[in-house]
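Below is one structure, written out as structure tokens; the observations come after it.
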Amino acid sequence: MLKKVLSIVLSALICAAMCVCGVAEESAQVTLYYPSYLQESEGEALVLDQMPERIVCLSNAALQILVRCGIQPVAVTEPTASVEYPDWVYDLPVISTSMSSLDTEAIIAMEPDLLIVGSYQKETYGQQFADAGIPVYYTSEGPSIAYGEAREEAITLARSFGSEELAAEIEAEFEAVEARAAAYTASHDSQTMMIFFHTPGTYFQTSEGYLGSMLSMLPFENLADTVVDPASRTLPTDIETCLTLNPDVIFAISPTAPTADVIQGLYEETFAQDPDLWNQFSAVANDNIIYLSSEYVTSKGIQVIDSLNALIDMLEARYPANATAGSESAAAEVSEDASSEPADDAAAGTESAGVTIEYPENMQARGYTEPVVLETTPQRVACLSSSPVLALYEMGVPMVAIPTSSVVDWPEDLAASAEQLQMAHNTNFDVETVIALEPDLVIMGYTSQETYGNVVSAAGIPVYYVDAGHTVPYDSIKMQTEALVNAFGADSEAGAAMLQRFDDLEARLEDVRAQLEGKTVMVLQSSPPTHYIQTSDGTLGSMAEMIGLTNVYENDASSMAQIDYETALSYNPDLVLCVGMSETGEGHRELMEADFANNPEYWNSIPAIANGDVLYLPVRFVSSAGINVVDNIGELADLVLSHFAQ
């Protein structure tokens with residue numbers, strides 16, 4: 001139904017656009033603008049002496065806009081099956097193009113006065129077209145083009161080949177689907193997910209890939225973002241890494257599977273070959289895999305609007321809305337009530353002149369450059385990330401919500417007064433619950449901005465973003481704490497004492513590193529009988545590196561992977577650090593030693609284990625909860641120095 005409506009609207013727009021867009025007078029100079037993300041490589045615009053009359057358009061993104069303007073090219077690339085073009089498009093000559101080839105002879109023979117082609121072809125063929133005197137306008141294509149980039153390019157193309165009116169019209173169409181996505185997010189539970197690209201467990205996609213960027217607008221947390229830089233977009237992975245993340249939902253796409261049925265058949269055949277392995281994934285065991293056609297593999301310009309609408313249609317049929325979730329208008333009413341009335345008279349009486357929360361250097365590098373400025377000191381803070389909680393608590397910042405935590409016991413009075421929300425991978429998290437608490441400030445991980453942060457901001461509640469994920473490094477915690485102290489406790493004893501703890505630790509570690517120089521370590525994170533090995537980028541691995549131990553395991557692709565038993569025999573570390581989910585080190589020792597006893601011949605082949613050079617650590621070393629990282633690193637240094645002193 002949606003496509004039929006769009007088709008009718010499209011036809012009407014084409015008729016109108018033929019008058020509005022038209023072909024410019026031959027003497028008029030034409031400026032074809034570039035979107036901001038292509039300006040570094042292509043400049044701000046391609047300027048032509050006149051509107052081209054013989055356009056070879058090898059970009060579906062550009063072709064859709066030319067159609068909207070009533071401009072007919074002399075040749076096109078293969079029209080994508082997911083876009084409904086008018087009949088005349090299918091009568092045009094088609095020039096073969098792919099990621100690795102381009103029929104340049106056919107293009108030159110057409111004698112075009114403009115070629116539109118993907119920028120990925122520039123390095124190989126750009127000079128050839130320049131030598132032939134053919135102007136080229138480059139577009140962005142592929143699985144690494146995010147929604148925001150497709151949006152900007154569509155609007156820019158409309159300005160270039162059409163008019164400002166057409167650009168505004170297209171922008172309004174994007175805003176409409178974005179509003180629908182926000183409404184869906186506000187009314188549905190969040191789920192963790194991963195995008196499997198191509199065959200199962202070989203590639204995954206972050207929130208900055210094509211499909212990933214669409215899903216980032218919906219209530220899904222992309223777990224790939226927690227182990228790799230989201231800017232990597234689509235990259236190789238392995239089954240072991242995916243199993244450690246174990247998402248609620250798996251989205252499956254492949255450039256070689258044109259329909260959802262085709263990719264489903266391929267995946268189910270793979271699952272049937274090793275069901276014991278694949279059923280370890282909750283999404284596989286629970287039949288919670290969403291198979292999508294190749295429409296969701298690569299960018300196709302303005303078609304992303306229809307694709308996103310179709311995706312929401314599919315999700316609405318699969319996942320019912322929360323019974324307790326309110327509408328956007330209800331959220332706005334809650335926000336208005338919260339801002340017009342203080343929580344109580346006592347809180348209102350303690351508000352001060354205001355607070356400015358600056359972003360530390362690492363967050364500014366992610367684009368968070370503008371500070372959060374509050375007119376009054378917040379009295380109802382909802383802190384949805386574990387990392388800032390203890391620092392805020394020590395400075396007396398009143399919190400109405402905090403995350404539950406398996407790695408740290410919150411102070412009793414804080415645990416009693418603040419609502420504890422289940423934030424592990426955002427499972428069962430309902431943003432309306434936060435809004436209903438009437439906070440005057442929400443602090444959350446930056447990875448949740450698209451999913452939840454924008455909804456909270458739309459409700460009129462200030463949001464401050466912090467570094468978040470499975471591994472938040474020491475330097476990030478220190479910079480974050482400094483920013484919070486400057487905002488809430490610059491002149492307080494509590495703030496000064498907190499920062500002094502970081503300085504004292506760093507001063508001590510200079511001596512510790514000197515004592516441990518040359519010592520090597522293997523870091524295991526285990527839930528016997530399953531064992532994973534960490535690099536120096538893992539949580540415990542990074543602590544070990546800080547105290548001066550050299551990690552025997554390296555892996556540029558992931559900070560933690562399932563151990564390769566054969567290769568591990570060659571590591572021969574001086575010390576093995578073992579951590580798991582036990583509350584005490586002794587509890588984890590019992591689990592590990594029982595597992596070692598099941599295969600003593602193997603484990604005793606690692607000299608450090610055979611000789612008892614092993615330290616067993618409790619769950620608080622699995623991940624940090626903010627400033628407790630100082631105590632954890634200090635404790636680790638004590639344990640390691642004591643071990644080697646024996």
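Observations on the model:
- Members of the range 184-221 that are open to solvent by 20 Å² or more (accessible area, probe 1.4 Å), more than 13 Å from PRO255 (Cα to Cα) and outside any loop (DSSP other than H, G, I, E, B): GLN191, GLU221
- Filtered by the rule that a residue be touching a helix residue (DSSP H, G or I) at 6+ places or on another chain (Cβ under 7 Å) and under 23 Å from LEU374 (Cβ atoms), the range 489-507 gives GLY489, ALA494, GLY495, MET498, LEU499.
- Test for TYR553: is it within 24 Å of the chain's Cα centre (by Cα), under 23 Å from HIS588 (Cβ atoms) and aromatic (Phe, Trp, Tyr): no
- Screening PRO79, PRO86 for residues that are more than 28 Å from the chain's Cα centre (by Cα), surrounded by fewer than 22 Cβ atoms within 10 Å (Cβ to Cβ) and under 14 Å from SER59 (Cα atoms) leaves exactly one candidate, PRO79.
- Any hit, the range 65-82, residues being closer than 20 Å to ALA167 by Cα and of a type in the set (D, E, K, R): yes
- Odd one out for LEU235 among (1) buried (at least 17 other Cβ atoms within 10 Å of the Cβ); (2) within 14 Å of the chain's Cα centre (by Cα); (3) under 22 Å from ASP564 (Cβ atoms): (1)
- Qualifying residue in the range 263-273 (condition: outside any helix (DSSP H, G or I), farther than 30 Å from CYS69 by Cβ and without any contact (Cβ under 8 Å) to a residue 40 or more places away in the chain): no
- Here GLU221 clears all of (1) farther than 30 Å from LEU266 by Cα; (2) touching a strand residue (DSSP E or B) at 6+ places or on another chain (Cβ under 7 Å); (3) of a type in the set (Asp, Glu) except the condition numbered (1).
- Residue match in the range 5-19 (condition: over 23 Å from VAL136 (Cβ atoms) and at pLDDT 85 or above): no
- Residue in the range 297-315 that is acidic (Asp, Glu), surrounded by 16 or more Cβ atoms within 10 Å (Cβ to Cβ) and not in a strand (DSSP E or B) present: yes
The values are calculated or read from the model by the stated rules, or taken from the named source; none is laboratory data. These figures come from a predicted structure and were not determined experimentally. Here the Cβ is made from the backbone with ideal geometry for all residues, glycine too, and neighbour counts use every protein chain on show. These area figures cover heavy atoms from the full protein model, side chains too; ligands, DNA and RNA do not enter into them. Shrake-Rupley method; radii C 1.70, N 1.55, O 1.52, S 1.80 Å.
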